[in-house]
1. Quick check, is Leu107 open to solvent by less than 80 Å² (accessible area, probe 1.4 Å) and in a strand (DSSP E or B)?
2. Which of the residues that make up the range 141-159 are basic (Lys, Arg) and more than 16 Å from Thr172 (Cα to Cα)?
3. With respect to Tyr90, determine if the residue is surrounded by 21 or more Cβ atoms within 10 Å (Cβ to Cβ), in contact with a helix residue (DSSP H, G or I) (Cβ under 6 Å, 6 or more places away or on another chain) and in contact (Cβ under 8 Å) with a residue 12 or more places away in the chain.
4. Would you mind stating whether Gly98 is open to solvent by 20 Å² or more (accessible area, probe 1.4 Å) and more than 19 Å from Gly175 (Cβ to Cβ)?
5. Before we move on, is Ser160 surrounded by 16 or more Cβ atoms within 10 Å (Cβ to Cβ), modelled with pLDDT of 95 or more and among the small types (Gly, Ala, Ser)?
6. Could you grab me the full set of residues in the range 58-104 that are under 16 Å from Val124 (Cα atoms) and part of a loop (DSSP other than H, G, I, E, B)?
7. Could you identify the single residue in Ile145, Ile170, Ile174 that is over 23 Å from Gln85 (Cβ atoms), assigned to a strand (DSSP E or B) and at pLDDT 95 or above?
8. Determine if the range 72-83 includes at least one residue that is of a type in the set (Gly, Ala, Ser), more than 13 Å from the chain's Cα centre (by Cα) and farther than 30 Å from Val52 by Cα.
Amino acid sequence: MWARPARQNEGMDFMRTTGMAGSGTLIAALALALALLAGCDPQRVDKLEEGVATEAQVRQQFGNPDQIDVESDGTRVLSYPRQPQGWTNYEIRIGPDGKMSSLRQLLNEDNFARVKPGMPSMEVRRMLGKPAQTQHYDFKDETVIDWRFKQRGQESKLFSVTFGPDAKVISTAIGDDPREMH
């Protein structure tokens, strides 16, 4: 499902190869546009009814998905991550009948509580969707992956998962989102 974890400086690699390094105004404008787009998500969700909305109607509201997985029964799982700038990751399931069978926001405390020591990283990524950032610590041979979310709908937080060299969960933590600290 997930080919590889994102590298820490992947965005900067893109910026350097496209000649956009140092374009702080462009980055700020793109971040603002993404934040505004994510802010419209509740209105989009309200327009879609489970068992009634079609894939075409989902795409009309949310655009093209970042990823599509097809399950053995023909169910199509559409992924709409809002990371790294937003606070949500949506998973929308289209049943074999072509109708939306579920629309879930993956970044919530119930899902976070399901992440347990020993769980493989691929399972965590399937459960939570695309992360906001990934950092590898060579000295400890650990990788920390962060997801941004809103706790109680208000407070900007990071859910962090630490993985060992075997790509299995060592620990989890919830902390303040440094972008929101003043």
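1. Against the criterion (open to solvent by less than 80 Å² (accessible area, probe 1.4 Å) and in a strand (DSSP E or B)), Leu107 does not qualify.
2. Hits for the range 141-159 are Lys150, Arg152.
3. no
4. So Gly98 fits the description; yes.
5. yes
6. Gln83, Thr88
7. The conditions single out Ile170.
8. First pass over the range 72-83, keeping only residues of a type in the set (Gly, Ala, Ser): 72, 74, 79.
Still in the running and more than 13 Å from the chain's Cα centre (by Cα): 72, 74.
With the extra rule that they be farther than 30 Å from Val52 by Cα, the set shrinks to none.
Within the range 72-83, none of the residues are of a type in the set (Gly, Ala, Ser), more than 13 Å from the chain's Cα centre (by Cα) and farther than 30 Å from Val52 by Cα.
The values are calculated or read from the model by the stated rules, or taken from the named source; none is laboratory data. None of the values given here were measured: they were computed from a predicted structure. Cβ sites come from the backbone with ideal geometry, for glycine too, and all protein chains shown count toward neighbours. Surface areas here come from the heavy atoms of the whole protein model, side chains and all, with no ligands, DNA or RNA. Shrake-Rupley method; radii C 1.70, N 1.55, O 1.52, S 1.80 Å.
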